[in-house]
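Encoded as structure tokens, the structure appears first; notes follow it.
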Amino acid sequence: MIPKEDRDNLDDSGEEPAEEESRTFLCVVDESDELHQALRFASIRAKRTGGRVALLYVIEPAEYQHWMAVGNLMAEERREEAEEMIQVVSSVVQRISGAMPVIYIREGKLTEELMELIENEKGISVLVLGASTGTGSEGPGRLVSYVMKRIGKLPIPVTIVPGGLSDKEIDAISA
């Protein structure tokens, strides 16, 4: 007979469960006001669960590309902006979580690149998005609206952090 304290550590097959891999909380880096709330929530959760944060920045193509030289210059400038923003955001994540984030910089359409990353990167555990506090036709934001329409088909859970939460409120619910 297996002692009760040992039975609690067995799965349905009678085997000890494999050591749980650390969680990776994915945040999409953009210019939105609610990015702060999503980053803070993900960073605190990562710290408290022994996980880490992953950051996705998507450089979307310029809509107007009549002249190749101008288009190339614009693409180069967008890449530099992406790298600068990722550096700033990474330092915030490291300060809060205590670990350097995983960084993904992609070029393409934001929604397509996000879905592709979630499908192909099996290490990503949770998608964390910040919801806009805007009212009217803005709704919770373009990305949150897009993801919510597809939530049942996603291979990972999604956490949506209200953009109006204070740091203190985020700290309290991230425990």
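The values are calculated or read from the model by the stated rules, or taken from the named source; none is laboratory data. Please read all numbers here as calculations on a predicted model, not as lab measurements. Using ideal geometry, Cβ is built from the backbone for each residue, glycine included, and neighbour counts are taken over all protein chains shown.
Take residue 118 and tell me if it is surrounded by 13 or more Cβ atoms within 10 Å (Cβ to Cβ) and touching a helix residue (DSSP H, G or I) at 6+ places or on another chain (Cβ under 7 Å). So residue 118 does not fit the description; no.
Checked against (1) surrounded by fewer than 13 Cβ atoms within 10 Å (Cβ to Cβ); (2) of a type outside the set (D, E, K, R); (3) modelled with pLDDT under 95; (4) within 22 Å of residue 43 (Cα to Cα), residue 100 passes all but condition (3). Taking the residues in the stretch 82-100 that are free of Cβ contacts under 8 Å to residues at least 60 places away in the same chain and closer than 11 Å to residue 56 by Cβ as candidates, determine which candidate is nearest to the chain's Cα centre (by Cα). Looking at the filtered set, the residue picked out is 86.
Looking only at the stretch 74-87, decide whether some residue is surrounded by 13 or more Cβ atoms within 10 Å (Cβ to Cβ) and modelled with pLDDT under 85. The answer is yes; a qualifying residue exists. The residues of the stretch 121-175 that are exposed (fewer than 12 other Cβ atoms within 10 Å of the Cβ), more than 17 Å from residue 48 (Cβ to Cβ) and either in contact (Cβ under 8 Å) with a residue 60 or more places away in the chain or in contact with a Lys or Arg (Cβ under 9 Å, 6 or more places away or on another chain) (or both) amount to a single one, 155. If you filter the stretch 114-125 down to residues that are out of contact with any strand residue (DSSP E or B) (no Cβ under 7 Å at 6 or more places or on another chain) and outside any loop (DSSP other than H, G, I, E, B), you find that the one that is nearest to residue 38 (Cα to Cα) is 115.
Hey, could you check the stretch 103-113 for residues that are assigned to a strand (DSSP E or B) and crowded, with 17+ Cβ neighbours inside 10 Å and say which is farthest from the chain's Cα centre (by Cα)?
So, considering only residues that are assigned to a strand (DSSP E or B) and crowded, with 17+ Cβ neighbours inside 10 Å, the one farthest from the chain's Cα centre (by Cα) is 106.
Looking only at the stretch 25-48, count every residue that is polar (S, T, N, Q) and at pLDDT 95 or above and tell me the total. Going through the stretch 25-48 one residue at a time, the tally reaches 2. Would you confirm, using the coordinates I've provided, whether residue 92 is over 27 Å from residue 155 (Cα atoms) and surrounded by 16 or more Cβ atoms within 10 Å (Cβ to Cβ)? So residue 92 passes the test.
In the stretch 49-72, the qualifying residues are those that are modelled with pLDDT under 70 and assigned to a loop (DSSP other than H, G, I, E, B), and the one that is nearest to residue 100 (Cα to Cα) is 63.
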